[in-house]
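The values are calculated or read from the model by the stated rules, or taken from the named source; none is laboratory data. In this text the structure is predicted, and so the values were computed from the model without any measurement. Cβ placement follows ideal geometry from the backbone for every residue including glycine, while neighbour counts extend to all protein chains displayed. Quick note on the areas: whole protein, heavy atoms, side chains included, nothing else; ligands and nucleic acids left out. Shrake-Rupley method; radii C 1.70, N 1.55, O 1.52, S 1.80 Å.
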Amino acid sequence: SPRRRAAAAADEGKLRAAFSAWTRMWWPRLAWLLRGQHGSPGRGWARLPQHPGPVLPVPAHHHSTAPESPCCAWQLHQDHLELRYGSTVMRLDFVWLRDHCRSASCYNAKTSQRSLDTASVDLDIQPQAVRVDEATLFLTWPDGHVTRYGLEWLAKNSYEGQKQQVMHPRILWNAEIYQQAQVPSVDCRSFLETDEGLKEFLQNFLLYGIAFVENVTPTKEDTKIVAERVSIIRETIYGRMWHFTSDFSRGDTAYTKLALDRHTDTTYFQEPCGIQVFHCLKHEGTGGRTLLVDGFHAAERVLRQAPEHFQLLAKVPLKHEYVENVGGCHNHMIGVGPVLNVYPWNNELYLIRYNNYDRAVFNTVPHDVVRRWYRAHRALTAELRRPDNELWVKLKPGKALFVDNWRVLHGREAFTGYRQLCGCYLTRDDVLNTARLLGLQA
């Protein structure tokens, strides 16, 4: 009938319009997709147009692409998603993407703890669908669960992103650099009573590995108060607060009037003490200046001049040992670790364990490595002993010195007369925690 023919014509018109709209939307994308799969400059990467279309399903065990944003491109592989965001190209394993889901059922945002049972995730898991908009990656998993990631978060937290980042920003220094920086000491009252004073102190400490507090009452009790402002005092075989003169009351060269070469302390602990506090309460005599050397600055020079030496010092484990049988003190401590300790993902140095006094028998590598290690050790020692790397400081009553024992080596020149020192070791985690709570990167 005429009415039916008119309705059919109308339906046909709607179908033609719909097909035309579908063609305008999808044909450029399908053409781009075919070009990408056949070696065009796109190389199979999916980009985001201004108005992303619907989610594309992901065929199992096939490379797949989908259109998405101008600042992002991505490509699916059998076991991972390759994602380019800005200048960072990330390769994100599907298991990793499922494990790090930040949805309410997988992650407790209040406690910042994972709720998902990692062991329950199928190691062959693949997303059923993937979509990326200008700021977010969406993944739909076989059970229907949807995971969302901010692209900025992924760029920061991926392996490739971490390789480009520094965990602990620092200023490497020799004597001239430190002196020209004119790093201020912090007044004791400001340090104890204000967040601003404490933050200034911690910023100096994080950047340079040393920091001073002035106008501290020269007693062991007041030094303890200053130390506890930033951390819990670490109890060791020396007690909590140590207080000594040159009476050789312990079996250690530090308890003499002799000069001490540059070194880090407690290398014979499995975890060397993080921070050391010194306060000279009295000195009636001459000499006794404190020597400070930035071990990271010396190691950086070795890395630039002879990277094979740096790598060897970062790989070869050594034993350090402390044996004491004096009076009532009986100790035999052994710590094991390389001279240079680095984060493996970005080769950033975080701890130097250097103490020629306490280094034990070197028997942790075969003979064909021994001489190479000695050459590397000699190269580092030469840098540590360069006169321009030596910062000499005269400690005096009222001036407390904090030293990053994972970075800065200390020593002293010989002295005469009566010299009384007090100090302690601090737990590194608590110092860094205090810094982070004040908004510093640590």
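What does the charge add up to near Gln162, with Lys and Arg as +1, Asp and Glu as -1, over the other residues with Cβ less than 11 Å from its Cβ?
For residues surrounding Gln162, the net value is 0.
Among Lys163/Lys394; Lys156/Lys224; Lys199/Lys282; Lys156/Lys399; Lys110/Lys315; Lys163/Lys396, which pairs are too far apart, with a Cα-Cα distance over 32 Å?
Check vs 32 Å cut-off fails for Lys163/Lys394; Lys156/Lys224; Lys156/Lys399; Lys110/Lys315; Lys163/Lys396.
Does region 376-421 come out rounded, prolate or oblate by the C-alpha gyration tensor, with a ≥ b ≥ c the root eigenvalues, rounded set by a/c under 1.5 and, if not, prolate when a/b is larger than b/c and oblate if not?
It comes out prolate by the Cα gyration axes.
Please give the solvent-accessible surface of Lys224 in Å², to the nearest 10, using a probe radius of 1.4 Å with every protein chain present.
About 70 Å², ignoring ligands and nucleic acids.
Positive end of the charge dipole of region 280-335 (Lys, Arg +1 and Asp, Glu -1 on Cβ, about the Cα centre): tell me which of Ala299, Val316, His283 has its Cα farthest that way.
Farthest towards the positive end: Ala299.
Let me know the charge dipole size of region 145-287 about its Cα centre in debye, to the nearest 20, where only the beta-carbon of Lys, Arg (+1) and Asp, Glu (-1) is charged.
340 debye
Given charges of +1 on the Cβ of Lys and Arg and -1 on the Cβ of Asp and Glu, with all other atoms neutral, how large is the dipole of region 84-146 about its Cα centre, in debye to the nearest 20?
Around 260 debye, computed over region 84-146.
For Cys101, what charge total do you get from the other residues with a beta carbon under 11 Å from its beta carbon, if Lys and Arg give +1 and Asp and Glu give -1?
+3
Rounded to the nearest 20 debye, what is the charge dipole size of region 121-227 about its Cα centre when +1 sits on each Lys and Arg Cβ and -1 on each Asp and Glu Cβ?
Taking the Cα centre of region 121-227 as origin, the dipole is about 180 debye.
Ranked from the most accessible area to the least, with a 1.4 Å probe and all protein chains present, what is the order of His320, His330, His283?
The ordering from most to least exposed comes out as His330, His283, His320.
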